[in-house]
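Down below is the structure, laid out as structure tokens.
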Amino acid sequence: MVLRFAGRRVPRPLAGLPVVDVAAPTDVDAASDAGRLIVLGTAADLAIVLARLLRADRLDVEVALVRRPWTARRARTGTARRVPLIRDETGAVLTRAGLWLPPDDSSRTVAGEAVVDDTVLFDGEVAGVRIEPMADVPGLRARVLTGSLRPRRWVTGRAAQLGTTGVTVVRDGVRATRPARRSTFYRHTKGWLRVQ
């Protein structure tokens, strides 16, 4: 079954499959009984689908993302592999990258402390932090963002946690509406079936 976001054109290899147009997250629920879902959309759209499947306890559904037409055939015929599902304390799912950024334009840094499992990522002030899901356990990696040409090292783990005076959380390109004082991304107990 195809889940189409923003009225995208259905590529020829997916012709003939049932299509559900998704205008709101709850529209995904009508397709959650399918064996395989093909998402026509962005990483943020994929995150919406996975969050709805997580909520419905349907992580046994195979899911493929089609961002470019030439990946449509693989989405229909590829095999699924269970990969870690990274989520946060709000129930949102992270599929590509999360950011912890300064809370507003007047602040240039994120002040606080962040840890990945038992490793301190930073304690003090930093320009920001990038968090990415991994295809294998432990599940995620994080690194401090700097203005220098030398990037900081990645730290891998099951969970990344931040306590701060204020932070803007960005999930797959979507900014949270309000600053937060705490944020956690972590590996869910069960992974999702990614079609490759």
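Observations on the structure shown:
- Selection status of Asp123, among the acidic types (Asp, Glu), assigned to a strand (DSSP E or B) and open to solvent by 40 Å² or more (accessible area, probe 1.4 Å): yes
- Close Cβ contacts (under 9 Å, 6 or more residues apart or on different chains) running from residues in the range 85-111 that are over 17 Å from Leu140 (Cα atoms) to residues that are surrounded by fewer than 15 Cβ atoms within 10 Å (Cβ to Cβ) and of a type in the set (D, E, K, R) comprise Leu101/Arg175; Pro102/Arg108; Arg108/Glu125; Thr109/Glu125; Val110/Glu125; Ala111/Glu125.
- Pairs with Cβ under 8 Å, 6+ apart, first in the range 120-139 and farther than 25 Å from Thr109 by Cβ, second among the acidic types (Asp, Glu) and assigned to a loop (DSSP other than H, G, I, E, B): Pro138/Asp117
- Picking from residues in the range 103-123 that are modelled with pLDDT of 95 or more and not aliphatic (A, V, I, L, M), the one that is nearest to the chain's Cα centre (by Cα) is Asp117.
- The residues on offer are Val20, Val39, Val66, and the sole one that is over 18 Å from the mean Cα position of the chain (by Cα) and of a type in the set (Val, Ile, Thr) is Val20.
- Qualifying residue in the range 30-46 (condition: at pLDDT below 95 and open to solvent by 40 Å² or more (accessible area, probe 1.4 Å)): yes
- Any hit, the range 29-50, residues being in a loop (DSSP other than H, G, I, E, B), free of Cβ contacts under 8 Å to residues at least 24 places away in the same chain and not acidic (Asp, Glu): no
- Test: residue in the range 180-194 that is more than 22 Å from the chain's Cα centre (by Cα) and part of a loop (DSSP other than H, G, I, E, B): no
- Remark: pairs (first residue in the range 7-27, closer than 16 Å to Leu53 by Cβ; second residue not in a strand (DSSP E or B) and not aromatic (Phe, Trp, Tyr); Cβ separation under 7 Å; 6+ apart in sequence or on different chains) = Val20/Met1; Val20/Asp27; Val20/Ala30; Val20/Ala31; Val22/Val28; Pro25/Ile48; Pro25/Arg52.
- Residues that are at pLDDT below 95 and open to solvent by 30 Å² or more (accessible area, probe 1.4 Å) within the range 126-169 comprise Ala127, Leu145, Thr146, Gly147, Ser148, Leu149, Arg150, Pro151, Arg152, Arg153, Thr165, listed in sequence order.
- Criterion: in contact with a strand residue (DSSP E or B) (Cβ under 7 Å, 6 or more places away or on another chain) and open to solvent by 40 Å² or more (accessible area, probe 1.4 Å) - qualifying residue of Arg108, Arg96, Arg181: Arg181
- In summary, Ala80 fulfils each of the numbered conditions (1) among the hydrophobic types (A, V, I, L, M, F, W, C); (2) surrounded by 20 or more Cβ atoms within 10 Å (Cβ to Cβ); (3) closer than 30 Å to Arg36 by Cα with the single exception of condition (2).
The values are calculated or read from the model by the stated rules, or taken from the named source; none is laboratory data. Quantities reported herein were computed from a predicted structural model and do not represent experimental measurements. Here the Cβ is made from the backbone with ideal geometry for all residues, glycine too, and neighbour counts use every protein chain on show. Heads up: the accessible areas ignore ligands, DNA and RNA and are worked out on the full protein's heavy atoms, side chains in. Shrake-Rupley method; radii C 1.70, N 1.55, O 1.52, S 1.80 Å.
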